[in-house]
1. Considering only residues of the range 450-474 that are surrounded by 15 or more Cβ atoms within 10 Å (Cβ to Cβ) and either assigned to a helix (DSSP H, G or I) or touching a Gly at 6+ places or on another chain (Cβ under 6 Å) (or both), which is modelled with the lowest pLDDT?
2. Condition first: outside any strand (DSSP E or B) and either surrounded by 14 or more Cβ atoms within 10 Å (Cβ to Cβ) or in contact (Cβ under 8 Å) with a residue 24 or more places away in the chain (or both). Now tell me which residues in the range 433-446 satisfy that.
3. What residue, among those in the range 406-431 that are farther than 14 Å from ALA455 by Cβ and out of contact with any strand residue (DSSP E or B) (no Cβ under 9 Å at 6 or more places or on another chain), is most open to solvent (accessible area, probe 1.4 Å)?
4. Is it the case that the range 560-573 has a residue that's assigned to a loop (DSSP other than H, G, I, E, B) and crowded, with 20+ Cβ neighbours inside 10 Å?
5. For THR527, which of the numbered conditions (1) modelled with pLDDT of 80 or more; (2) open to solvent by less than 40 Å² (accessible area, probe 1.4 Å); (3) outside any helix (DSSP H, G or I) fails to hold?
6. Would you confirm whether any residue within the range 207-218 is out of contact with any Gly (no Cβ under 7 Å at 6 or more places or on another chain), in a helix (DSSP H, G or I) and at pLDDT below 85?
7. Considering the range 330-371 alone, what residues qualify as being open to solvent by 10 Å² or more (accessible area, probe 1.4 Å) and of a type in the set (Ser, Thr, Tyr)?
8. Kindly provide the set of residues from the range 289-329 that are crowded, with 24+ Cβ neighbours inside 10 Å and either among the polar types (S, T, N, Q) or not in a helix (DSSP H, G or I) (or both), ordered by number.
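The values are calculated or read from the model by the stated rules, or taken from the named source; none is laboratory data. In this text, all values refer to a predicted model and were calculated from it rather than measured experimentally. Positions of Cβ are generated from backbone atoms using ideal geometry, with glycine treated the same way; all protein chains shown enter the neighbour counts. Heads up: the accessible areas ignore ligands, DNA and RNA and are worked out on the full protein's heavy atoms, side chains in. Shrake-Rupley method; radii C 1.70, N 1.55, O 1.52, S 1.80 Å.
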Amino acid sequence: MLELAGIIILGIIAQWVAWRLKLPAILPLILIGLLVGPIATLYTEDGTKLIEPIWNGTKGLFPGEGLYYFVSLAISIILFEGGLTLKRAEIKNVGPVITKLITVGSVVTFFGAGVAAHYIFGLSWQISFLFSALIIVTGPTVITPILRNIPLKKDVSTVLKWEGILIDPIGALVAVLVFEFISVGEGSAFTQTALIEFGKILLFGTTFGFTFAHALAFAIKKNLIPHYLMNVVSLSVVLLVFVESDVFAHESGLLAVVVMGMVLGNMNLPNLKELLYFKESLSVLLISILFILLAANIDISDLELLYNWQTVALFAIVVFLIRPLGVFLSTQGSGLKLNERMFIGWVGPRGIVAAGIASLFGSKLLAKGEPGAEYITPLVFMIVLGTVLLNATTARIFAKVVGVFLTKSEGVLIIGASKVSRLIANYLKKNKRHVVLIDNNQTNIDKAKKLGIEAMTANIYADSLTDNIELNDMGYLMALTGNSDINKFAIDKFQKQFGENGAFRIVNTDEMNDPENNPEEGLFSHTDDFVKLTDAARKYPAIHEVELKDKKHFDELIEITQRDSDIVPIFTKSPDGSIEIMPANSKDFDPNSEGYKLVYLGKMFDEDDE
């Protein structure tokens with residue numbers, strides 16, 4: 001009991017430390033696992049581990065196959081949660097790149113790392129290629145925390161996120177085929193077995209995932225599941241899909257849960273966000289437990305196998321040669337720039353799937369007496385820990401060196417997706433600004449998406465919004481909801497992260513009637529609150545531009561907007577096309593050259609005014 005409680009407590013402490021230091025949680029988790037596992041044998045009085053997952057095969061926290069069953073089920077939940085976050089709209093520009101990364105990139109890693117392991121460590125070809133199959137995967141558990149703290153162009157972060165989730169079942173599939181090769185033996189028997197297994201994995205994985213996703217969606221939409229059971233029923237369905245798919249085709253469960261997550265994530269489900277929040281919390285707990293268990297399960301003798309120059313050479317080849325080569329071949333001819341391709345090639349940390357399956361297959365082959373099997377688990381853990389440590393400490397610096405770090409975030413995050421917000425967002429989009437609408441009203445979000453505007457259903461009171469890597473390039477924040485408390489909360493909570501260049505909110509009715517005490521973050525006009533904005537957008541749903549002659553002309557136009565509630569100034573547009581948000585107190589603006597324009601919402605100015 002003490003060991004189980006200790007794992008959970010230490011895991012959550014590691015998660016907090018990672019959050020505090022802005023590191024992937026996997027790093028402190030593995031270090032803690034090593035300290036209470038193999039390294040503990042060096043400082044405990046009786047030379048035993050503080051936490052022993054498996055001892056003598058039949059003793060410990062998870063005797064026999066118990067640990068590997070737990071690892072498999074936990075990974076299925078983690079990958080399902082990752083699949084829920086994959087949206088088709090995100091890959092409109094980079095879909096082909098992602099496809100090549102999980103195909104061409106996987107082939108390069110598989111053969112490159114296999115050859116390197118064979119010649120550097122002298123391992124058999126079978127063991128070498130099993131190692132290379134296991135390190136094909138990157139993983140969302142390590143990619144997301146790294147990207148979360150680096151402002152990047154959306155396409156770059158999207159490529160890395162999708163690759164990390166989709167490549168997990170592919171790496172597992174290849175590892176299974178190599179494992180079958182070792183188990184069955186070479187020759188025609190293997191060829192036939194491999195083809196059959198490959199076909200079964202694809203067939204049952206996609207079929208089970210697609211079918212059960214639609215079945216669960218149907219049950220949710222028809223209210224066949226009570227609200228208080230929604231999360232636990234969904235969890236049980238995920239586990240059912242994973243287990244049943246695995247029964248029909250060994251190791252097809254990972255593919256099934258990813259497919260299920262992707263299908264559900266792209267459906268219009270009323271409770272999807274609640275489901276995602278639950279799965280995120282569960283994933284954090286499972287990841288905390290898993291990494292400590294897997295690291296603690298390593299023996300000190302396994303670590304001693306890595307204490308040589310061959311380990312450094314293999315790591316360097318995998319990270320500095322094979323990963324960049326796979327990325328450059330996969331992104332050839334794409335719209336990504338050279339510096340963006342270089343950054344993607346640098347960031348390739350391995351995660352939970354590699355560590356979990358390595359422990360499973362390594363132990364099974366070791367029990368069979370396969371020569372070289374003792375290298376599988378420590379070598380994979382070396383790649384996992386090394387890549388995470390390298391990328392966590394250098395990704396931000398490397399992003400600045402190669403020039404993909406967004407020194408000035410120009411994206412605009414709008415809280416609220418009402419008609420006013422949609423009009424403004426559509427204008428910004430047409431002027432080539434990355435704009436995202438946030439609202440918890442699904443109807444408003446759907447209307448925005450029909451206009452081609454990027455929008456997401458979100459609760460601003462939840463912490464998950466700050467973890468969204470697609471919002472890394474947000475530099476301007478506008479709170480445009482009809483609730484003044486929500487607008488103020490949005491400014492207070494998100495100003496530092498999403499409003500570094502400016503955070504604004506529309507004034508409320510009390511502030512509108514007291515222009516002398518207008519807030520600094522007041523937006524557009526001190527004479528227009530949400531009601532007036534909405535009324536102007538309802539009567540005149542358009543945004544116009546008028547060229548400014550001089551400062552006097554600008555002041556005259558602003559005075560007109562203060563008298564006429566159907567005209568609301570929103571932006572100023574410079575001669576080079578750059579757009580600046582109009583604060584409520586706009587008297588300081590001076591169009592000091594020709595070509596400046598005033599952008600406004602509602603009724604058009606009279607010709608005499610223009």
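1. Result: ILE469.
2. Correct list: ARG433, HIS434, ASN440, ASN441, GLN442, ASN444, ILE445, ASP446.
3. Among them, the one singled out is LYS430.
4. no
5. (1)
6. Looking for residues that are out of contact with any Gly (no Cβ under 7 Å at 6 or more places or on another chain), in a helix (DSSP H, G or I) and at pLDDT below 85, one finds none in the range 207-218, hence no.
7. Selection gives SER334, SER363.
8. Passing the criteria: only ASN297.
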